[in-house]
Amino acid sequence: MNPTTNIAVRAARQAGSVIMRSFSRLDTLTVAEKQTNDYVSEVDRNAEQAIIDTIRRAYPSHAILAEESGSRGKDDFQWIIDPLDGTTNYLHGFPQFAVSIALSHRGRLESAVVYDPVRDEMFTADRGAGALLNDRRLRVTEQRGLPGALLGTGIPFRDQRYMDQYLGMLKTLTQTTAGIRRPGSAALDFAYVAAGRLDGFWELGLSVWDFAAGALLVQEAGGMVSDIGGGSRHLDTGNVIAAGPRLHRDMVQAIRPHLKGDLKA
Ligand code: IPD
Ligand code: CA
Ligand code: CA
């Protein structure tokens, strides 16, 4: 494992213990609404600080982009951090959330960690060296085509601009696959595609910290990640499709007729 990935693992474990310490006393947390349906508590902030402290001790010159505290520093290396992905789940005691940490170098993803502190599952990837769940190598599924596929998704709940287009996609994919799941943590959804627990995933309007680590996990597990039209602008648009290589093209084709209005490929 790359030294940078090792540091990310250490940082994710520290964030995980901040998160789990409060999980049994959620009623004591102070929760603020950043915007409609966008909540934050001291757990998000404390977990983020624990991650940043660990990274800065090891790599003081690297830049950081973190969901709660924004961007700091300028460097070819940038850490992209979501300290608690799935905050709404967390605040309801719904045990599906994760820590997500990625490192990019000149815009190319190098290291990825997604950590589920409830199940103690550590998903890691190094560019060119594959993806692991704890010590086990990950591989996306061989699923061919939509019939029989299990897909993950995220239903728009903040920005609802593309709700009609999204519901069209959901209808098409519900009618043509084995089923759709909406677990509520995009970082874990990508990790589950990498692990072959889901055959594919799509969502509109993600932020880069939701899925930078997840995207590298899927790619290093042999999968494909693209923007909603099948191109490579997903890290900029946040509209994303991830799947095993035999399924990805079919998802792109099923979604394409719904790219209407200003939702373009
Ligand atoms: C959210 C989760 C969710 C996705 C949202 C994200 P947060 O992240 O990943 O699954 O549907 O778009 O914003 O706010 O819980 O860190
Ligand atoms: Ca997130
Ligand atoms: Ca978050």
Taking 0.36 nm per residue of sequence separation and subtracting the Cα-Cα distance, how much length would be gained by fully extending the chain between Asp27 and Phe94, in nm to one decimal? 22.7 nm
Largest-first ranking of Lys171, Lys34 by accessible area, probe 1.4 Å, whole protein assembly kept, is Lys171, Lys34
Crossing angle, helix 245-255 versus the chain [Cα axis fit, 0-90 degrees, rounded to tens]: 70
Which angle between 0 and 90 degrees, to the nearest 10, do you get for helix 163-176 versus the longest principal axis of the chain when only C-alpha atoms count? 70
Surrounding charge for Leu167, neighbours by C-beta under 15 angstrom, Lys/Arg +1, Asp/Glu -1, total +1
List the relative contact order of the stretch 3-137 as a percent without decimals, with contacts defined as Cα pairs under 8 Å and 6+ residues apart. 22
Round to the nearest 10 and report in Å² the accessible area of Ser22, as given by a 1.4 Å probe over the protein chains' heavy atoms. 10
What is the extension gain from Asn2 to Tyr39, computed as 0.36 nm multiplied by their sequence separation minus the C-alpha to C-alpha distance, in nm to one decimal? 9.9 nm
Solvent-accessible surface (1.4 angstrom probe) belonging to Arg137, in square angstrom, nearest 10: 150
Just reorder Phe77, Phe97 by solvent-accessible area, largest first, 1.4 Å probe, all chains present. Phe77, Phe97
Positive-end extreme of charge dipole, the chain - chosen from Gly86, Gly230, Leu103 (charges on Cβ): Gly230
Just how much of Tyr162 is accessible, in Å², when a 1.4 Å probe is used and the result is rounded to the nearest 10? 40
Per the 1.4 Å probe, what fraction of the accessible area of the stretch 3-137, in percent, lies on carbon and sulfur atoms? 46
Do you know the relative contact order of the stretch 16-84, to the nearest whole percent, from alpha carbon pairs under 8 angstrom that are 6+ apart? 25
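Ordering Asp236, Asp250, Asp38, Asp53 by how much accessible area each has at a 1.4 Å probe, largest first, what is the list?
The ordering from most to least exposed comes out as Asp236, Asp53, Asp250, Asp38.
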The chain, Gaussian network, Cα under 10 Å: of Leu26, Leu151, Leu138, the residue fluctuating most is Leu26
From the helices alone, meaning DSSP H stretches of at least four residues, give me the mean residue ellipticity at 222 nm for the chain, per-run term -39500 (n - 2.57), in deg cm²/dmol to the nearest 500. -11000 deg cm²/dmol
Could you tell me the distance between the Cα centroids of the stretch 166-192 and the stretch 95-146, to the nearest Å? 19
5 Å is the cut-off here: which amide hydrogens, built 1.01 Å from N in the peptide plane, fall below it relative to Gly205, excluding neighbours closer than 5 in sequence? Asn239, Val240
For the stretch 7-49, calculate the relative contact order in percent as a whole number, restricting contacts to Cα pairs under 8 Å that are 6 or more residues apart. 41
To the nearest Å², the heavy-atom accessible area per residue of the stretch 95-236 with 1.4 Å probe amounts to 39
Taking Cα atoms only, helix 208-220 is inclined relative to the longest principal axis of the chain by an angle, in degrees rounded to 10, of 70
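Work through the residues other than Met224 whose Cβ is under 10 Å from its Cβ and net out their charges, Lys, Arg +1 and Asp, Glu -1. Kindly include the intermediate steps, with their values, before the conclusion.
Working: positive: Arg246, Arg249; negative: none.
Around Met224, the surrounding residues sum to +2.
The values are calculated or read from the model by the stated rules, or taken from the named source; none is laboratory data. All figures in this text were calculated on a predicted structure; none of them were measured in a lab. Every residue, glycine among them, receives a Cβ derived from its backbone with ideal geometry; neighbour counts consider all protein chains shown. Areas reflect the complete protein model, heavy atoms only, side chains present, ligands, DNA and RNA absent. Shrake-Rupley method; radii C 1.70, N 1.55, O 1.52, S 1.80 Å.
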